[in-house]
Amino acid sequence: MNKWFNFQFLVLLMIHQFYVSGDQVLPFKDIFVIQILGMLIARKFSGVAHFVIGNKPDSIADVWFNGGMVINVHYINLTGLPALKAIAWHYEGKLELVSQLLYNDPLAHYSHLVESLVKDAPPDMINTCPMLMNTFINHVKLKPLKNSIFSLSGLTVFGEIGLGHSLTNIPRKNLSEKEFWNGFLYLTCHGLVIVSYAKSVGLSVQKFQDQLIDKMKTLMGAHIADTYKDKLWQNIHQKWANFDKEPDPIYGTSPYQLWLHQMQETSQQVGTPTLQKGCFESVLLALAPKNAKVIHHFLN
Amino acid sequence: MSKDSILVIALWLILSTVAIFLWLMTVDSESMIFYTHYSSLMQIITSAGAAFLCYRTMMIFNVNDKARTAWGFLSMGLFFWSAGAILEGVYTLLHQGATAPFPWYANVCFLLLVPFVIMALIAFKKNLNASIPLKGWIATITVFLGALVLGLGINAKGFQEIESINLIITLIYIIFDSVLLAMAVAAASILIGSLLSRPWWFALVGLFIFYLGDMIYTLVRNIDQAGGIILDLTWPVAFGFIAIAATTARAIYTANR
């Protein structure tokens, strides 16, 4: 009897493990929570997104999804739409995604709530997260927007993105600034377009790494430079297991910040520390002003 | 090349030119004693000078930097060698130009250079935090075996005639120097093709000449002969190269830190 019970428990545990798979708790930065939800919608995510808002340990929010539809939101003592409203415009914290099959009905009026969130957002909302200006925008898919008050602005922004566009360079056409940002936020919050830092911040960090390694090669040789590169990626993977060359855009700029900090830390672990410090500083000084601004922002 | 390195070369050329001139003027004559004392002084000046320059390079690093430890050990090793040269110089001075016996107290100081340089190379390798590449290991083993065979070959004649204490001291010289050369190759192999490898190539050449000097020294001492101008110049040349290594390294670190 006891053996049979153990066997049943084991089978149930295996089924649970099969359907529930959690990622690491990873930081996100410079991306609004509502935009993260938009990306999960675009991916047709099923499961729970656990947020620690603003890196305050007791500020925990959970968002449940079923096939890309938001089922429920919970934040401290709020549930549903008020909870979503409370977390929507936070742009820093931690995130853990737990894939899980859920069959509940979606939250009613989610789309309208997003609309009202965007409408009620202060005109300078985008300025609360200035790094967003460095994002690169990509299409996901076009859904009918005819019921939205942002149909026109959304479609105009969507039409200008083409195969991908830097946010600051998207032509405004005949849209006012407010209309443009409303259209942009509406699209991202619904997962119709994806914001990514890979082709802006990612390229700057990659360029910085290449220049740093080139400088190391000149100063300390190819063997030290190769050892540094190996150690750097070993250190990064210890802190961010699935870090790829183009990290998941859901985490905003935090993977790139980690990448840069690890570059700085690893430079004190391989090669002569005195020369490595000099190497790092000289490459920083030689950066083009645009790249330098981004790199300094993350290092400080 | 830095100004300091040029100064080291100029000083070494002046000291060597004077030595060759004195040797040519006094060889096979009673005045040879002047050359002998000058040669002793030259050994002291060049080794102490190289020790000082290594110490000066050491001082540009932070207290926690292992490169500081490496240059510190190198400096201490050279100071010990310098102390040995002073002992031999004093012996020669007190014994009307006669060379010191072999083995003697000065040899303890001379041999102390090797463990300190080995410790310096270990500290330097630790400072780099990088493993020795495969080609580096191959070069290291080749150099170690080559140096060992060459050292034994050079001293083969002396081995047949010497007492056991001489044999032990000679073997210590041969083995220590071979290890020293091999370790210098290992350290340099990590830095191949880089700016920082330049001082190591100078140091490596210096240590190879130092090794040759030691091999000739053990040979001539075991068969009870004087070294002559060639032996007298090998160590100063070796220390000259090590001094250039120190000044080059200092210039590189100063420009790039």
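The values are calculated or read from the model by the stated rules, or taken from the named source; none is laboratory data. In this text the structure is predicted, and so the values were computed from the model without any measurement. Cβ sites come from the backbone with ideal geometry, for glycine too, and all protein chains shown count toward neighbours.
For B:A100, the conditions (1) surrounded by 15 or more Cβ atoms within 10 Å (Cβ to Cβ); (2) more than 14 Å from every other protein chain (Cβ to nearest Cβ); (3) part of a helix (DSSP H, G or I) are fulfilled apart from (3).
Restricting to the range A:242-276, count the residues that are farther than 23 Å from A:N138 by Cβ, in a helix (DSSP H, G or I) and more than 7 Å from chain B (Cβ to nearest Cβ). The qualifying residues number 8.
Taken together, B:L7, B:L74, B:L53 contain a single residue that is more than 17 Å from the chain's Cα centre (by Cα), more than 14 Å from chain A (Cβ to nearest Cβ) and within 25 Å of B:L196 (Cβ to Cβ), which is B:L7.
The numbered conditions (1) in contact with a Ser or Thr (Cβ under 8 Å, 6 or more places away or on another chain); (2) surrounded by 19 or more Cβ atoms within 10 Å (Cβ to Cβ); (3) in contact (Cβ under 8 Å) with a residue 24 or more places away in the chain are all true for B:T92 except (2).
Rundown of residues vs (1) at pLDDT 85 or above; (2) over 30 Å from A:M263 (Cα atoms); (3) of a type in the set (D, E, K, R), yes/no style:
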site: A:S151; (1), (2), (3): no, yes, no
site: A:L155; (1), (2), (3): no, yes, no
site: A:L163; (1), (2), (3): no, yes, no
site: A:L167; (1), (2), (3): no, no, no
site: A:R172; (1), (2), (3): no, yes, yes
site: A:E179; (1), (2), (3): no, yes, yes
site: A:F184; (1), (2), (3): no, yes, no
site: A:V195; (1), (2), (3): yes, no, no
site: A:Q209; (1), (2), (3): yes, no, no
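Restricting the first member to the range A:153-172 and to residues that are closer than 22 Å to A:P130 by Cβ, and the second to residues that are acidic (D, E), the beta-carbon pairs closer than 6 Å and six or more apart or on different chains are A:S153/A:E179; A:I170/A:E160; A:P171/A:E160.
One residue stands out among those in the range A:51-74 that are touching a residue at least 40 places away in the same chain (Cβ under 8 Å) and more than 19 Å from A:K85 (Cβ to Cβ): the one that is surrounded by the fewest Cβ atoms within 10 Å (Cβ to Cβ), which is A:G68.
Just checking, does the range A:206-216 include any residue being buried (at least 17 other Cβ atoms within 10 Å of the Cβ), without any contact (Cβ under 8 Å) to a residue 12 or more places away in the chain and part of a helix (DSSP H, G or I)? No - not one qualifying residue is present in the range A:206-216. Number of residues in the range B:206-252 that are at pLDDT 75 or above, surrounded by 24 or more Cβ atoms within 10 Å (Cβ to Cβ) and among the charged types (D, E, K, R): the value is 1.
The condition of being touching a Ser or Thr at 6+ places or on another chain (Cβ under 6 Å) and assigned to a helix (DSSP H, G or I) holds for only one of B:A203, B:A156, B:A186, that being B:A186. What about A:V195, is it surrounded by 16 or more Cβ atoms within 10 Å (Cβ to Cβ), closer than 19 Å to A:S282 by Cβ, out of contact with any His (no Cβ under 6 Å at 6 or more places or on another chain) and away from chain B (no Cβ under 14 Å)? Against the criterion (surrounded by 16 or more Cβ atoms within 10 Å (Cβ to Cβ), closer than 19 Å to A:S282 by Cβ, out of contact with any His (no Cβ under 6 Å at 6 or more places or on another chain) and away from chain B (no Cβ under 14 Å)), A:V195 does not qualify. Search the range A:214-240 for residues being under 11 Å from A:G271 (Cβ atoms) and among the β-branched types (V, I, T), and hand back the single one that is farthest from the chain's Cα centre (by Cα). This residue is A:I224.
Here A:Y256 qualifies as surrounded by 15 or more Cβ atoms within 10 Å (Cβ to Cβ) and in contact with a Gly (Cβ under 7 Å, 6 or more places away or on another chain). Of all residues assigned to the range A:119-136, at least one qualifies as being at pLDDT 75 or above, among the aromatic types (F, W, Y) and buried (at least 18 other Cβ atoms within 10 Å of the Cβ). Just one residue in the set A:L185, A:L175, A:L203 is away from chain B (no Cβ under 14 Å), free of Cβ contacts under 8 Å to residues at least 24 places away in the same chain and not in a loop (DSSP other than H, G, I, E, B); that residue is A:L203.
Scanning the range B:119-136 for residues that are surrounded by fewer than 17 Cβ atoms within 10 Å (Cβ to Cβ) and more than 23 Å from the chain's Cα centre (by Cα) yields B:S131, B:L134, B:K135.
Conditions tested, residue by residue: (1) more than 21 Å from A:N127 (Cα to Cα); (2) part of a helix (DSSP H, G or I).
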site	(1), (2)
A:V73	yes, no
A:A83	yes, yes
A:W89	no, no
A:L95	yes, no
A:V98	yes, no
A:L101	yes, no
A:P106	yes, no
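Within the range A:202-228, no residue satisfies the criterion of being over 28 Å from A:D248 (Cβ atoms) and touching an Asp or Glu at 6+ places or on another chain (Cβ under 7 Å). Condition (residue is more than 22 Å from the chain's Cα centre (by Cα) and buried (at least 19 other Cβ atoms within 10 Å of the Cβ)) applied to the range B:144-151: is it met by at least one residue? No, because not a single residue in the range B:144-151 is more than 22 Å from the chain's Cα centre (by Cα) and buried (at least 19 other Cβ atoms within 10 Å of the Cβ).
Residues in the range A:242-300 that are among the hydroxyl-bearing types (S, T, Y) and in contact (Cβ under 8 Å) with a residue 12 or more places away in the chain were compared, and the one that is nearest to A:Q24 (Cα to Cα) is A:Y251. Within the range B:142-153, can one find any residue that is modelled with pLDDT under 85 and away from chain A (no Cβ under 14 Å)? Within the range B:142-153 (the criterion being modelled with pLDDT under 85 and away from chain A (no Cβ under 14 Å)), the answer is no, since none of the residues qualifies. Candidates A:Q8, A:Q35, A:Q17: the one that is at pLDDT below 95 and in contact with a Ser or Thr (Cβ under 6 Å, 6 or more places away or on another chain) is A:Q35.
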